[in-house]
Every structure is written in C-alpha cells, then in structure tokens.
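Comments concern the structure below.
The values are calculated or read from the model by the stated rules, or taken from the named source; none is laboratory data. Note that the structure is predicted; figures quoted are calculated from it, not measured. Methodologically, a virtual Cβ is constructed for each residue, glycine included, from the backbone with ideal geometry; neighbour enumeration extends over all protein chains shown. With ligands, DNA and RNA removed, areas are computed over all heavy atoms of the protein, side chains included. Shrake-Rupley method; radii C 1.70, N 1.55, O 1.52, S 1.80 Å.
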Amino acid sequence: MNLSLRKILFINITFALLAIHSSMAAEKLTVYVVNYPLQFFAERIGGEYVNVVFPAPADFDPAYWMPDTPTIAAYQQADLILLNGAGYARWVNKATLPRFRMVITSAGFKEQYLETAEIPTHSHGSEGEHAHESLAFTTWIDFSFAAKQAKAIAEALSRKRTDLRQIFQKNYAALEKDLIALDITIKEVVSNNRARPLVVSHPVYDYFARRYGLNIRSVHWEPDDILTNEQMMELKSILKEHPAKWMIWEGEPVQASVDKLKTLGIDSLVFDPCGNVPQQGDFLTIMRQNVENLKPAFQHY
C-alpha cells in the first residue's frame, strides 16, 4: 500500500471514529423513574445527556399509582429504570421489568429501612383506597439518604456512559452539596428542642424523624378534608400523653381544619415530602421552604 492510500485510509478511519463518537454524544439516555425526587436527581446529574420520564399523573400519590400497559412497556424500553426501594411503587413487583436496567437507589442503606405500623385501608386523594405498607418508604426526606440515592444514580449513569463519567460526577457533587446543606440546616433548626412533641398528618415522616431526632406521633388525615369530630377525639386522646403544639401536614390544610386545631392550642405547618412534581418551583425550593416552615415550631416559648 503506497503512502497516499495509507493517508486516505487513516483519514477515513479518523472521520468514522469521530462520527461514531459524535453520534454517541448526541444520543441521550432515556431514564424512567417512579417519583419526582428521583426525576430531579437524575436531571441534575445527567443534565443535557439524559431524557428523564416520570409518567405518574399530577393528582396521584406515585407510591400508590399503577401504570397502564403501554406505560409499563415504555419503562421496559428505557435505558435505566430508577426505583426508590423500601416498598415504594408496589406495581414494580407485579410487572416484568428488565433487571439489568433497574437501579434500586436506596439499596446501599437497605439495612437501615424502617418498619411502620400497618393501618386500616383508607382513602388518600384521587387514587382511592389503600393500606400503608409495613416498610416506611419516604427515604429522601432524610437528606443524608437523599444524597446516597443521588450517588447511586450518578454511578448508574456513569456505567451507561463511561465517556461522561466526569461530567456526571461533577454534577452529583454539586447536588450532594445542596442536599447536605439541607441536612445541616435542619439539624440546626431542631437543635433548640428535639424532644418537642409533634403530630404529623400521615405516616411518611419516619426517616425524617429518625435522622433529626424528632418526637412525632402519626395520624392519617388528608389536608383537603375538614377534620371530623371523630378525628378531633382521636387527637385529644393522643394529646393526653403527647402534648403537641404543632401539626405537620403533607400539604396545605383547609382553613376549617386549621381553625379546629387552634381550639386545642395547636398550630399547623406544611412539610411537603414532594413525591410528585410541585406546581411551582422544584425539589430544592420546596425543601428549603419546608425548612422555613419548621422554624416556628422549634422556637423557644
């Protein structure tokens, strides 16, 4: 082979390799998730290199949502399927999903899963009746756990696209910094009186309470419903041994419920776990607002 042919062959091979690399760089990873926190983490870490899909409707709690057959088929075709673990999204155990594409983001701390007491079947928004599982699953409002879940996502994306590992790791480091800042701030907020009794409107604060040393009792109330006489009697019974002055709600409670609680000397605040996409802002803005909402409950009085 003469010199000219070698040059031409070298140039052709070089352009072919560049074309392949360019094609790979342009092709986004399709990532399906089961809740909004995982969507937010994946988008922060993956940036322009991922297409993150969270198909649950806005008016459903994703923990109890059941996707239809076409949606499950879309999950099956994804490059990655990000799961929360700890019993979250029960439909996953009933569907056939490719295991090699599934990432249980909480697997790294599964020994620290918490059990929560079973309660009777009850309504919880538009998804209808259900009973809570024996495992607590709102892992991400322990922000040290949220950082570990984000790290699992960064590692999964890096395995899929080794050429982008440095980018994913850099993005993860920035997200981790934000999550650890929340963790530190909450510790500071509650440090005045961790033992202060609190009542929470739903059994979704188990990891939050353990991480930050809070003294909580759970009821099973919906913020959109006016408190009934039976619920008020239930609360009065709790207050005899757990003299709380604050009720923590998942969402903004109706004013009539707020007023009823006031008659018992109880104020209301919102700490939104943000399992679904917020109407405004994003995961971090919601959590930062949650922290602000907590502050009055831990002031000295």
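Listed values, structure above:
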| quantity | calculated |
| --- | --- |
| Debye log10 I(q)/I(0) for the chain, one point scatterer per Cα, at q = 0.11, 0.13 Å⁻¹ | -0.71, -0.95 |
| Surface accessible to a 1.4 Å probe, per residue, for the residues of the chain, Å² | 51 |
| Cα-projected label distance for Lys245 with Leu264, points at 7 Å along beta-carbon direction, nm | 1.7 |
| Under-5 Å amide H pairs with Trp246, H placed in peptide plane, nonlocal only | Val199, Asp267 |
| Folded to 0 to 90 degrees: helix 36-46 orientation relative to the chain principal axis, Cα | 30 |
| Whole-Å distance, taken between Cα centres, linking the stretch 203-226 and the stretch 25-100 | 26 |
| The stretch 212-276 - convex hull of alpha carbons, volume per residue in Å³ | 92 |
| Cβ crowding within 10 Å averaged over residues, with 204-213, 191-200 ranked highest first | 204-213, 191-200 |
| Aspartates and glutamates with Cα under 17 Å of Lys260, excluding same-chain neighbours fewer than 8 positions away | Glu222, Asp224, Asp225, Glu230, Glu234, Glu252 |
| Backbone HN-Hα couplings from phi across the stretch 222-239 [Karplus 6.51/-1.76/1.60, Hz, Gly and Pro as x] | 9, x, 7, 9, 6, 4, 8, 4, 5, 5, 5, 5, 4, 5, 4, 5, 5, 5 |
| Rough spin-label spacing in nm, given labels placed 7 Å along Cα→Cβ, for Arg288 and Glu48 | 2.5 |
| For peptides 229-238, 169-178, sequence by mean Cβ density within 10 Å, most packed first | 169-178, 229-238 |
| Apportionment of accessible area to carbon and sulfur, the chain, percent (1.4 Å) | 53 |
| Pair-distance profile P(r), taking every C-alpha pair of the stretch 153-291, with 10 angstrom steps and integer % | 10, 34, 29, 15, 8, 3, 0 |
| Under-5 Å amide H pairs with Leu227, H placed in peptide plane, nonlocal only | Ser257 |
| Nonlocal amide H pairs with Leu135, under 5 Å, H built at 1.01 Å | Thr116 |
| Degrees, to the nearest 10: 3-26 long Cα axis against longest axis of the chain | 10 |
| For Asp183, net neighbour charge (Lys/Arg +1, Asp/Glu -1) across residues whose Cβ lies under 12 Å away | 0 |
| Virtual spin-label span in nm between Glu188 and Ala73, 7 Å along Cα→Cβ | 5.2 |
| FRET E, pair Lys177, Lys94, Förster distance 41 Å, beta-carbon r, rounded to 0.05 | 0.60 |
| Full-stretch length increase - Arg165, Glu234 - with 0.36 nm per residue and alpha-carbon distance subtracted | 19.6 nm |
